[in-house]
1. Examine region 249-256 for a residue that is in a helix (DSSP H, G or I), open to solvent by 30 Å² or more (accessible area, probe 1.4 Å), in contact with a Leu (Cβ under 8 Å, 6 or more places away or on another chain) and under 30 Å from GLU76 (Cβ atoms), and state whether such a residue exists.
2. Inside region 201-210, can you point out the residues that are surrounded by fewer than 17 Cβ atoms within 10 Å (Cβ to Cβ) and either at pLDDT 85 or above or in contact with a strand residue (DSSP E or B) (Cβ under 7 Å, 6 or more places away or on another chain) (or both)?
3. Of everything in region 1-13, what is surrounded by 15 or more Cβ atoms within 10 Å (Cβ to Cβ) and either at pLDDT 80 or above or assigned to a helix (DSSP H, G or I) (or both)? Give them in sequence order.
4. Taking the options ALA112, ALA132, name whichever one is open to solvent by less than 30 Å² (accessible area, probe 1.4 Å), more than 13 Å from the chain's Cα centre (by Cα), more than 19 Å from LEU274 (Cβ to Cβ) and not charged (D, E, K, R).
5. What tally of residues in region 79-109 results from selecting those that are open to solvent by less than 30 Å² (accessible area, probe 1.4 Å), at pLDDT 80 or above and not in a strand (DSSP E or B)?
6. Count, please, the residues in region 39-59 that happen to be open to solvent by less than 50 Å² (accessible area, probe 1.4 Å) and either under 23 Å from GLN144 (Cα atoms) or in a helix (DSSP H, G or I) (or both).
7. Does SER188 count as of a type in the set (Gly, Ala, Ser), part of a helix (DSSP H, G or I) and open to solvent by 40 Å² or more (accessible area, probe 1.4 Å)?
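The values are calculated or read from the model by the stated rules, or taken from the named source; none is laboratory data. Fair warning: this is a prediction, and the values are worked out from it, not measured in the lab. Note that each Cβ is placed from the backbone with ideal geometry, even for glycine, and that neighbours are counted across all protein chains shown. The accessibility values were calculated without ligands, DNA or RNA, using every heavy atom of the protein model including side chains. Shrake-Rupley method; radii C 1.70, N 1.55, O 1.52, S 1.80 Å.
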Amino acid sequence: MRFFHHAKYNFIAVERWAWSITGAIILPGIVLLAARGLNYSVEFTGGTLIQVATEKPVDFGPIRSALEQSGMDAPELQAFGTTGTEFTIRARVGETGKSVDANNTQLTLAAAGKGLDQSIGVGHYKIEHTYAIGPKVGAELRSQALWLIFLSFFVVLLYLAIRFEWRFGVAAVLATAHDIVATIAFISIVHMEVSLVVVAAVLSMVGYSLNDTIIIFDRVRENMHKFKRHDLYHVLNLSINETLPRSVLTHGTVLATLLSLAIFGGEVIRPFSLVMFFGVFTGTFSSIFIASPILMYIENRWPGQDVKGARSVGLPQQA
């Protein structure tokens, strides 16, 4: 069974609509990002994370109120697991008001214990693990995450320049940069907490988006050799339509899996699933509607010397 077996859609013709759609996502996200910044987790800001297990499922409302009364300002509670009896408490560095010093793990534990005794009851819970992360470590993690993304860009650009040519590499990297900006805008709009799990989702999305773009560009290269009398406009449309069945089936399966994880996977895996879901969607979108027009623009400004018949860039007589 094959979907879109004889697809003949003119994807390049709707380039302006595609940029309008992506602009409607990116611009509000950038505005919110500038206004309130990213909501970094304790891994990046530094602080204390306390893992608690209870005898039965509990309501976070009374627990949060009790923790605030014990001296913690705006504590973050997050459930995990499938039983509903485990959750984490996060205390960040730099909290204002009446919060305890999150750099001091003992003070944080004392405040947490006082609040848990009051809300859950003495002997009805157990503190299983405690993690303390200094602000310097959090800053280093942020820096390493950014360097990792830039390094992935450089390696991909080098790989594509060797396998194809530099024009394809630049187009693929710019399209992937679009995906990262759009994903960060999405994270900013929903005000999702940026943890190491979210960073892993962004990096996974980068690989997924690049893979899809490379598949389309590989077909473009084949068709440029095969149809030397066709201009690049027709070659790009033909290549996208030929890879469309693969894209629909593969991406549809991945999106369905990620949606299931987001709904049924629990609090711990939900941020990863949501970011990956949006990333796969925008990665598919950019591979079709962003990467190809960028390649056309680059080829128009700096045309290649090989396969000259396919280098005539411009709108065809009959789209």
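1. The answer is no, given that none of the residues of region 249-256 is in a helix (DSSP H, G or I), open to solvent by 30 Å² or more (accessible area, probe 1.4 Å), in contact with a Leu (Cβ under 8 Å, 6 or more places away or on another chain) and under 30 Å from GLU76 (Cβ atoms).
2. Let us first name the residues in region 201-210 that are surrounded by fewer than 17 Cβ atoms within 10 Å (Cβ to Cβ), namely 203-204, 207.
Residue satisfying the conditions is SER204 alone.
3. So in region 1-13, the residues surrounded by 15 or more Cβ atoms within 10 Å (Cβ to Cβ) come out as 4, 7, 11-12.
PHE11, ILE12, listed by residue number.
4. ALA112
5. Here the count works out to 2.
6. Count: 10.
7. On the way: of a type in the set (Gly, Ala, Ser): yes; part of a helix (DSSP H, G or I): yes; open to solvent by 40 Å² or more (accessible area, probe 1.4 Å): no.
Answer is no for this residue.
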